[in-house]
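Colleague: To start, I am sharing the structure in question, which I have written as structure tokens.
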Amino acid sequence: MELKQQAIEVLRTNNRNGYTVPTATGLYPAQWNWDSCFTALGLAQFDPPRAVVELETLFDGQWLDGMVPQILFRGDDSSYFPNASVWQAGPTGRSSGITQPLVAATVVRRLFEHSPEPAIRQRLIALVPKLLAWHRWCYRARDPHGTGLVSIIHPWESGMDNSPVWDDALNAVEPGPSVAHLRKDTGFAAADQRPTAPEYDRYINLVIRFRDVGYRLDRLYDISPFRAADIGFNAILQRANQDLLFLLAVSSDAAGATEIAVMERATGDAILRCWHAEDGFFYSVDARSGAVIRKPGIGGLLPLFADAAIAARYPRLVQRLESWLNDVTFAVPSFDPRRLEFEPRRYWRGPVWLIANWMLIDGLRRNGRPDLAERIRCDSLALVERAGFAEYFDPLTGEPLGGSRFSWTAAMYLHLSADTE
Ligand code: DGY
């Protein structure tokens, strides 16, 4: 069967009555926030109405305060830890109590611009007030002092769970009781490709602390022993702010646009302050201590996705990306391959993720580097052609890693094979 057809088959197999599980193997038996957004880009290639449904079901899980959770549990979640009965979060008790990168407005805009169909456009525009409420929540809950940079309170919120960028801040969190025996993920994916036991103990201890305060918006930021102004999360948010401004203009919501424009300016300025001139890289900041986290993770390249003038302003950033690529076979490793912490097979400590590649491809094109974007696009397609729809890939060997028959990899394959502009 042709690979595109196989990608469609993956998305059909992973379809669960209106939402798509990241993989049908049992590793992630629920709806994940940014997985659904990226998956919608692939669904749009062969079934645009279904792509809209993917986003609508995600926003059905929005909390009253505006947060859209990282996970929406639906159906049998017994193969996942921590599942709904551990989280005990949200109005229905069927979600996690934290969020994930706010990529949705960017995807909604993209689908809107590529759908001539008025009924689809109307349904996408109906999501705009929900997007606005989520962005508003993000600033209120995660930037209470108005710095322009929002903070994550759990590594899971970054989507890049075990990136070396979080090592020190996570080590400072009490581990709590060991949960190694409760973990389910290592039953589905090799343990040396997943976060470690000490990391998991801390991940769960954070969940318990948040659960103890009932996930209250006005408490979490202050009580969390982990608080980081993640450069990747902020860059994705900033791009989404711009795309939301576009959607608010289409919706004729002038008041909403004025509000987002203020946030957009503040975050744009704050991202520039994360530039580290000596190292020539964008870094996250530990928001508890104020210390710059001098660890070059892929999030530090994402300002390219947020700002079309970044490459011209900071040419060293793109040189840095190019030097990473010289050290691997397949673009783009999720962490600087020259650093000691680089692990080419372990989750976000080195492997290639096609969703990160897509953001960089888009950003490099906007920044006048279509040549480099094309190189990353070709590598992304080649990885799937050699190794299938794996969750992530070894940047040195191209080996498939993590879960298999993965929705967002299939979606990115469909999207990137069609998207040659
Ligand atoms: C997991 O369970 O590994 C997820 O990355 C959390 O979002």
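Colleague: Once the cut-off is 19 Å, how many percent of the Cα-Cα pairs in region 93-152 end up in the long-distance tail?
Modeller: 44 percent
Colleague: A further question follows. Per residue and in cubic angstrom, what volume does the convex hull of the Cα atoms of region 316-421 have?
Modeller: 83 Å³
Colleague: For the chain, take the convex hull of the Cα atoms, compute a quarter of its surface area, and give me that in nm², please.
Modeller: In nm², the orientation-averaged hull projection of the chain is 18.1.
Colleague: Right, something else. Tell me which lysines have Cα within less than 21 Å of LYS295's Cα, excluding those fewer than 8 residues away on the same chain?
Modeller: none
Colleague: Related question: Multiplying the sequence separation of ALA191 and ASP371 by 0.36 nm and subtracting their Cα-Cα distance, what value in nm do you get?
Modeller: Stretched out fully, the ALA191 to ASP371 stretch lengthens by 61.1 nm.
Colleague: Figure the gain on full extension for ALA119 and ARG136 (residue separation times 0.36 nm, minus the Cα-Cα span) and round it to one decimal in nm.
Modeller: Between ALA119 and ARG136, full extension yields an extra 3.4 nm.
Colleague: Separation between the LEU340 and GLU278 pseudo-spin-labels, each 7 Å from Cα along Cα→Cβ, expressed in nm?
Modeller: The modelled label-to-label distance comes out at 1.8 nm.
Colleague: With charges only on Cβ, +1 for K and R and -1 for D and E, what is the dipole size of region 291-340 about its Cα centre, in debye, rounded to 20?
Modeller: It comes to approximately 220 debye.
Colleague: Related question: Give a quick list of chymotrypsin sites (Phe, Trp or Tyr not before Pro) in region 317-385 that DSSP marks as loop, anything other than H, G, I, E or B, with at most 15 other Cβ atoms within 10 Å.
Modeller: none
Colleague: Quick one: check the C-alpha center-to-center distance for region 356-421 versus region 178-236, whole angstrom.
Modeller: Centre-to-centre (Cα) distance: 27 Å.
Colleague: Assign one of three labels to region 142-280, namely rounded, prolate or oblate, based on the Cα gyration tensor with a ≥ b ≥ c the square roots of its eigenvalues; rounded applies when a/c is under 1.5, prolate when it is not and a/b is larger than b/c, and oblate otherwise.
Modeller: Prolate.
Colleague: Separate question: Based on the Cα gyration tensor of region 29-180, what are the three equivalent ellipsoid semi-axes, each the root of five times an eigenvalue, rounded to whole Å and given largest first?
Modeller: 29, 19, 15
Colleague: Based on the Cβ-Cβ distance from THR13 to THR329, what FRET efficiency comes out when R0 is 22 Å, to the nearest 0.05?
Modeller: Plugging the Cβ-Cβ distance into 1/(1 + (r/R0)^6) gives 0.15.
Colleague: How large is ³J(HN,Hα) for each residue in region 165-178, as worked out from phi by the Karplus curve 6.51 cos²θ - 1.76 cosθ + 1.60 (θ = phi - 60°), to whole Hz, x for Gly and Pro?
Modeller: For region 165-178, the Karplus curve yields 4, 8, 3, 5, 5, 6, 4, 6, 8, 4, x, x, x, 5 Hz.
Colleague: Please name whichever of HIS276, ILE236, ALA291 sits farthest to the positive end of the charge dipole of region 216-302, dipole taken about the Cα centre and charges placed at Cβ: Lys and Arg +1, Asp and Glu -1.
Modeller: The Cα lying farthest towards the positive end belongs to ALA291.
Colleague: Moving on to the next point. Just going by the charge dipole of the chain, with Lys and Arg at +1 and Asp and Glu at -1 on Cβ, which of ILE361, TYR347, THR20 is farthest out on the positive end?
Modeller: The one lying farthest along the dipole's positive direction is THR20.
Colleague: Could you tell me which residue out of GLN31, PRO303, GLN62 lies farthest along the dipole of the chain toward its positive end? Charges go on the beta carbon: Lys and Arg +1, Asp and Glu -1, centred on the Cα centre.
Modeller: With unit charges placed on the Cβ atoms, the residue in question is GLN62.
Colleague: Where a ≥ b ≥ c are the square roots of the eigenvalues of the C-alpha gyration tensor, would you call region 255-328 rounded, which needs a/c under 1.5, or, failing that, prolate if a/b is larger than b/c, or oblate?
Modeller: oblate
Colleague: Could you calculate the contour length gain from SER252 to ALA180, that is, 0.36 nm times the residue separation minus the distance between their Cα atoms, to one decimal place in nm?
Modeller: That works out to 20.8 nm of additional length.
Colleague: Separate question: Per residue of region 306-322, what does 6.51 cos²θ - 1.76 cosθ + 1.60 with θ = phi - 60° give for ³J(HN,Hα)? Whole Hz please, x for Gly and Pro, Karplus curve as stated.
Modeller: These are the phi-based 3J(HN,Hα) values: 8, 8, 6, 9, 5, 5, 5, 6, 10, x, 5, 5, 6, 4, 5, 4, 4 Hz.
Colleague: What is the magnitude of the charge dipole of the chain about its Cα centre, with +1 placed on the Cβ of each Lys and Arg, -1 on the Cβ of each Asp and Glu, and no other charges, expressed in debye to the nearest 20?
Modeller: So the magnitude is around 360 debye.
Colleague: Which of the peptides 231-240, 62-71, 310-319, 29-38 is most tightly packed, and how do the rest follow, going by the mean number of other Cβ atoms within 10 Å of each residue?
Modeller: Ranking the peptides 231-240, 62-71, 310-319, 29-38 by packing returns 231-240, 29-38, 62-71, 310-319.
No lab work stands behind these numbers, since they all come straight from the coordinates. Since we're looking at a predicted model, the values are computed, not measured. Neighbour counts run over all protein chains shown; Cβ positions are idealised from the backbone, glycine included.
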